[in-house]
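So the structure is just underneath, and the comments pick up after that.
The values are calculated or read from the model by the stated rules, or taken from the named source; none is laboratory data. These numbers come from a predicted model, not from an experiment. FYI the Cβ positions are ideal-geometry reconstructions off the backbone, even for glycines, and counts take in every protein chain you see.
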Amino acid sequence: MNDESDFPNPEDVASPEAEAQESALLLDQLKSEHRRIDQEINALIETGVADMLKVRRMKKIKLSMKDQIAYLENQITPDIIA
């Protein structure tokens, strides 16, 4: 008895190239969002109308994005120890 449900459907499995392309796209989106948040933080601070709690929250979000960016960059181009 051969049960085909034990094997993944080839159409459902993404190719490594497709995964790399998706990761690169996500990386670009994260970098863009990271820059946008940084500009927004700077604008709030420069105007002097900044709610420090809001700025602190935005900085935490920005730091989380930076961690995600670093993770994706390492997935796309891992360090090769020679």
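Among residues of the range 19-41 that are at pLDDT below 95, those with a Cβ under 9 angstrom from a residue that is not in a helix (DSSP H, G or I), sequence gap 6+ or separate chain, pair up as GLU22/ALA14; ILE41/ALA50.
Candidates are the residues of the range 29-82 that are among the β-branched types (Val, Ile, Thr) and outside any loop (DSSP other than H, G, I, E, B); the one that is nearest to the chain's Cα centre (by Cα) is ILE69.
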